[in-house]
Structure formats: C-alpha cells, structure tokens
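Undergrad: Okay, handing you the structure first.
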Amino acid sequence: MEQAKTLKQEIWEKSKKHKEWSMVLTDYISRPVAYLIARFTNLTPNQISILSFILGLAGCYFLIRGGYQNTLIGASLAMAYNVLDMTDGIIARVKGKASRVGHWLDGILGFVLTPLLVISLAIGLRNYLALTLGLFAAISYPLQYNLVYFFNAEVVNKNEKLGIPGKGKLEWTRYVYGISLFYIALFVAAIADKTFWVLGFWAVFGNLYWMAIVMVQFLTIRKQQQ
C-alpha cells in the first residue's frame, strides 16, 4: 500500500505541468493510466509510444470507414493515443529512462499522426467540402510547428515560446490552443455526430493561428532591431 502511494506521488510530481488548457485536462486522465502501466506492466516509454501510434492508426482506419459508430470508435482510439502520448513521458521520468531517441520518437509520431487523423476524418465524411476543409485543417499544425521551430532555431537561436504583444495582456491566448484540443474536440464531436464542424474549425482557426504566429514573429524581430 505504501509503495503504491509513493508511486502515485512520484507520478504526480514528475508529470509535466502543462499550461495549455486542453493538456491540463488530458494530464488528469494520463496520470492514473501511467500509474497502472508503471505498477502492473514492464512497458518501456518507447513501447508505449509505438503502442499509442498503432492505436492512432487504427483510429484512422475507422474514421475513413465513416458512419456514426465507426467515427466514434475512431475518435475514441485517437483519444486513447493522446492519453498514452502524455503517459510515455511520465513513465520515462519515473523510471529514469528518458532519452533523446524517446523524445524524438514521441515527437515524430505525433507530427505524422495528427494530419493523418484529420485527412481520415475528411475522407470518412464522404463529401467534397469536407475534403477541402480537411486539406486546409491538416496543414495547420505542421505549418504552426515549422514556423515556430524555424524562428527559434534559425532566426533567434533559442528555444523559448514567443511572447504575445500587448505587455502580457494577450498571453493567455496561446494556452487556449494546444494539440490536445483537437483530440478532445474530435471525441466530443463524434459523440454528438458533429465531426464536420471539427474540420471547419481547424481549417479556419488553425490557419489563422499560424498566420498570427507569423505576425508575432515579425513584430518581435522589428522590436529587437529598434
């Protein structure tokens, strides 16, 4: 009993304290899952990453098939991927198995899977408008991350998040929009049978977001030069 209590405390302490609102919600789900995995299995962090990716690919299959039941199964599998995607990092820190390879693997799988899920959802809806929105939605996350990493690595040569202009008054806006939000929205929309609106939101807001990032970068560079 004491060992289980200690393990729970360690998992809580070594979980990343995310500020993004959607990730905070996912954290509360991933911690008990991490506890069960750490206590009752010998799964390594990389094995968890690969398992989560397989679940995500299975989610793509069901989303492509379309229909209410298949879409709900696909969205549930996508949500399971999202939870395990948080869990592998917790297990790595608790078991002292954090590594560059694990960090790279975790990131790469996420970058690949999210656009695949978006396109799969668009295909499953079986109409041209959904496909069009799906294409725009699928590029929003890759563009967002590419722009941020290019700016940090090539322009300012530092690994920090961009500040929001306005003396911190708008700083909260970047915490509203995290990658976990897509998985939560997809799951809720699948239950309500309104997944088309998920594509519409990310096709519009997702692309407006990376455009806003470009503007923030421009204002940041101009301020530095002045």
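Undergrad: Give the number of residues within the range 142-163 that are at pLDDT 80 or above, surrounded by 14 or more Cβ atoms within 10 Å (Cβ to Cβ) and of a type in the set (A, V, I, L, M, F, W, C).
TA: 4
Undergrad: Separate question: Keeping to the range 61-72, report how many residues are in contact (Cβ under 8 Å) with a residue 12 or more places away in the chain and surrounded by fewer than 21 Cβ atoms within 10 Å (Cβ to Cβ).
TA: The qualifying residues number 8.
Undergrad: Between a first residue in the range 202-223 that is of a type in the set (S, T, N, Q) and a second residue that is surrounded by 13 or more Cβ atoms within 10 Å (Cβ to Cβ), which pairs have beta carbons less than 7 Å apart while being 6 or more apart in sequence or on different chains?
TA: 207/136; 207/140; 217/151; 217/162; 220/162
Undergrad: Collect the residues in the range 1-39 that are assigned to a loop (DSSP other than H, G, I, E, B) and modelled with pLDDT of 70 or more, keeping them in residue-number order.
TA: 20
Undergrad: Condition (residue is touching a Phe, Trp or Tyr at 6+ places or on another chain (Cβ under 7 Å) and in contact (Cβ under 8 Å) with a residue 60 or more places away in the chain) applied to the range 82-98: is it met by at least one residue?
TA: Within the range 82-98 (the criterion being touching a Phe, Trp or Tyr at 6+ places or on another chain (Cβ under 7 Å) and in contact (Cβ under 8 Å) with a residue 60 or more places away in the chain), the answer is yes, since at least one residue qualifies.
Undergrad: Taking the range 20-39 on its own, how many of its residues are surrounded by fewer than 17 Cβ atoms within 10 Å (Cβ to Cβ) and touching a residue at least 60 places away in the same chain (Cβ under 8 Å)?
TA: Residues that pass the stated criteria total 2.
Undergrad: Does the range 40-55 contain any residue that is surrounded by 16 or more Cβ atoms within 10 Å (Cβ to Cβ), among the small types (Gly, Ala, Ser), in a helix (DSSP H, G or I) and modelled with pLDDT of 85 or more?
TA: Yes; the residues of the range 40-55 include at least one that is surrounded by 16 or more Cβ atoms within 10 Å (Cβ to Cβ), among the small types (Gly, Ala, Ser), in a helix (DSSP H, G or I) and modelled with pLDDT of 85 or more.
Undergrad: May I pose another question? Looking at the range 169-214, which of the residues that are under 16 Å from the mean Cα position of the chain (by Cα) and among the hydroxyl-bearing types (Ser, Thr, Tyr) is modelled with the highest pLDDT?
TA: My answer is 183.
Undergrad: Also, I was wondering about something else. From 139, 108, 91, 73, which residue is modelled with pLDDT of 95 or more and in a helix (DSSP H, G or I)?
TA: Testing whether each residue is modelled with pLDDT of 95 or more and in a helix (DSSP H, G or I) leaves just 73.
Undergrad: Starting from residues that are of a type in the set (Gly, Ala, Ser) and free of Cβ contacts under 8 Å to residues at least 60 places away in the same chain, keep the ones in the range 99-132 and report whichever is surrounded by the most Cβ atoms within 10 Å (Cβ to Cβ).
TA: In this case the residue turns out to be 102.
The values are calculated or read from the model by the stated rules, or taken from the named source; none is laboratory data. This one's a predicted model, so the numbers in the text were calculated from it and none came from an experiment. Neighbour counts run over all protein chains shown; Cβ positions are idealised from the backbone, glycine included.
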